[in-house]
Each structure stands twice: as C-alpha cells, then as structure tokens.
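To start, the structure itself, in structure tokens.
The values are calculated or read from the model by the stated rules, or taken from the named source; none is laboratory data. Keep in mind it's a predicted model, so treat the numbers as computed, not measured. Neighbour counts run over all protein chains shown; Cβ positions are idealised from the backbone, glycine included. Keep in mind that these areas ignore ligands, DNA and RNA; they rest on the heavy atoms of the full protein, side chains included. Shrake-Rupley method; radii C 1.70, N 1.55, O 1.52, S 1.80 Å.
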Amino acid sequence: MVIKAKNLQDAEELLHSGISKVELAYDIGSDDFFRLATHWCDRGARITKGHQHFVVQIKSFAIPPNH
C-alpha cells in the first residue's frame with residue numbers, strides 16, 4: 001500500500017512512523033530531494049519514479065525469533 005505525502009515534512013513523518021512505501025505526491029525541489037535521498041538511502045531505502053511522482057520504499061526487515 002502506498003501512502004501519499006503532501007510535502008517534505010509529511011514524507012519524513014510517514015517514513016519515521018514506519019510506513020514502508022511513501023509517494024511524494026507534490027513537486028519536490030532538488031535540494032529537498034537530495035536531502036531526503038541522502039538521509040533515507042543511507043538507511044536502505046530505494047527511490048523510484050512512479051507514474052507521476054517519486055516513491056520512497058524502505059525494505060522491511062524480518063526479525064528472527066529469539067529462541
């Protein structure tokens with residue numbers, strides 16, 4: 001499921017809250033794009049171009065049970 005962000009602050013809040021797929025449903029400037037990419041790609045996110053907007057996707061890591 002893709003959640004749409006209306007601005008950079010919204011995108012950051014959604015990603016920090018654990019949403020794994022966020023569409024940047026607004027016209028993002030180059031400075032904000034590179035700031036977001038640097039921060040989240042260092043943490044394993046991938047940014048792709050969707051139909052109209054960029055999509056930030058964070059891989060979810062499965063935590064093995066502690067036996």
Nearest 10, in degrees from 0 to 90: the angle of helix 30-41 to the longest Cα principal axis of the chain is 10
Take every Cα pair under 8 Å in the stretch 3-58 that's 6+ residues apart, average their separations, divide by the length, and report that relative contact order as a whole percent. 35
Once LYS49, LYS21 are ranked on solvent-accessible area with the largest value leading and a 1.4 Å probe, the list reads LYS49, LYS21
How large is the accessible surface per residue of the stretch 3-58, computed with a 1.4 Å probe and reported in Å² as a whole number? 64
At a 1.4 Å probe, what is the % contribution of carbon and sulfur to the accessible area of the stretch 3-58? 48
Which residues' amide hydrogens lie under 5 Å from the amide hydrogen of TYR26, considering only partners 5 or more residues apart or on another chain, with H built in the peptide plane? none
Rounded, prolate or oblate (a/c below 1.5 giving rounded, otherwise prolate when a/b exceeds b/c) for the stretch 3-58 by Cα gyration tensor: rounded
If R₀ is 22 angstrom, what is the calculated FRET efficiency for the pair GLU13 and ARG35, using the beta carbon separation as r and rounding to 0.05? 0.90
